[in-house]
Amino acid sequence: MDAKEKAVKLVRGDPTESYARLPDYFYILEQTYPGSVLKIKRNEGDTFLYAFVALEACIRGWKYCRPIVVVDGATLKCSYGGTMVTASTLDPGGHILPLAYAIVDSENDASWTWFFEQFKEAYGVRQNMCFMSDRNESISKGTANVYPESEHYACIWHLSVNVLKNFNRNTEDLKILFFSLAKAYTKQQFETIMGRIDQIDTRIRPYLFDIGYSK
């Protein structure tokens, strides 16, 4: 493990020095991309807590995209740990447009609320704006606090993973039925597909409805 850490430091540099140079890095970003929203939050001991980045080019591109924001978090595997949280959307060509990212301590209520506060400063509010994520409660609380006027939807991929895992039914038939159910356009079509899911496991219907899955 010591050899691996030494090798990583040789390639990437010392993490302590990297965090100490964050203000310098943000200054360069401000000079290079004026109009960007860049924030560093320190804790009471004046040490690093959060960092937020929304580049000016992405902010300009947002107005040409549908008002759908997909947010997620990923654990950082490094000496200091932490979590990277991101927001993205699709551009008119169907390509992913990164909107913002932040480094936080973990996916908790405080960090997600702080992230959405900075996001709102950068991107404001648009008509019919909505958010999409997994079922992380801190994300739901953050959007409700900062964007009370916007809808928040569950990602069908994350939801499908939960269904397959919770009911131990990792079958291709159920996967196909679930995604067909999620894309059903009529009540009749929805009920037909749900009936076929009932034949696989009758517990899935109440599970989906209990978490707010509606027709």
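The values are calculated or read from the model by the stated rules, or taken from the named source; none is laboratory data. Note that the coordinates shown come from a computational prediction; the quantities given were computed from them, not determined experimentally. For neighbour counting, all protein chains shown are included, and Cβ atoms are generated from backbone atoms with ideal geometry for every residue, glycine included.
Annotations for the structure displayed:
- Residues in the range 123-175 that are β-branched (Val, Ile, Thr) and either within 30 Å of THR202 (Cα to Cα) or surrounded by 12 or more Cβ atoms within 10 Å (Cβ to Cβ) (or both): ILE139, THR143, VAL146, ILE156, VAL161, VAL163, THR171.
- Residue match in the range 43-58 (condition: acidic (Asp, Glu), part of a helix (DSSP H, G or I) and in the same structural domain as THR89 (by TED's automatic domain parsing)): yes
- Among the conditions (1) touching a residue at least 24 places away in the same chain (Cβ under 8 Å); (2) at positive phi, PHE52 misses just one, which is (2).
- ALA110 vs. criteria crowded, with 19+ Cβ neighbours inside 10 Å and either closer than 20 Å to LEU22 by Cβ or modelled with pLDDT of 95 or more (or both): no
- Looking only at residues in the range 79-105 that are small (Gly, Ala, Ser), at pLDDT below 95 and at negative phi, the one that is surrounded by the most Cβ atoms within 10 Å (Cβ to Cβ) is SER79.
- Selected residue (criterion: surrounded by the fewest Cβ atoms within 10 Å (Cβ to Cβ)) from residues of the range 39-61 that are among the hydrophobic types (A, V, I, L, M, F, W, C) and farther than 20 Å from GLY73 by Cα: ALA57
- Restricting LEU164, LEU177 to those that are farther than 19 Å from THR83 by Cα, without any contact (Cβ under 8 Å) to a residue 60 or more places away in the chain, in a helix (DSSP H, G or I) and touching a helix residue (DSSP H, G or I) at 6+ places or on another chain (Cβ under 6 Å) reduces the list to LEU177.
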